[in-house]
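Notes follow the structure.
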Amino acid sequence: MQSYVVIKCPKCKGFLIAETNQKTKICPYCGVRITVNKAEKLAYADNVNEALTILKFLKMKRAEEKRQSH
């Protein structure tokens, strides 16, 4: 069974999902090629649905932090 990791883009700081065995991933936000094993790992997930739930939570948390800082 495939497992997943939620990583942060080193350039734009966007959150994205990669398969744990993936070598690289293109950031959908800024287009930079990320080396998955060198990227900042925020969470691991056993399946894609869990990874999507984590990603959604992180995006909501970031949006809330932005609202509070303004």
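The numbers here are math on the coordinates, done by the rules we state, and not lab data. The model shown is predicted, which means the values in this text are computed figures rather than measured ones. Please note: Cβ atoms are built from the backbone with ideal geometry, for glycine as well, and neighbour counts cover all protein chains shown.
Miscellaneous remarks
- Put simply, of Ile17, Ile34 the only residue that is part of a strand (DSSP E or B), among the β-branched types (Val, Ile, Thr) and touching a helix residue (DSSP H, G or I) at 6+ places or on another chain (Cβ under 9 Å) is Ile17.
- Considering residues of the range 46-70 that are of a type in the set (Gly, Ala, Ser) and surrounded by fewer than 11 Cβ atoms within 10 Å (Cβ to Cβ) only, the residue nearest to the chain's Cα centre (by Cα): Ala63
- Criterion (free of Cβ contacts under 8 Å to residues at least 12 places away in the same chain and either among the charged types (D, E, K, R) or surrounded by 13 or more Cβ atoms within 10 Å (Cβ to Cβ) (or both)) met by exactly one of Lys38, Lys11, Lys23: Lys38
- A single entry from Glu50, Glu65 fulfils the requirement of being touching a residue at least 12 places away in the same chain (Cβ under 8 Å), among the acidic types (Asp, Glu) and in a helix (DSSP H, G or I): Glu50.
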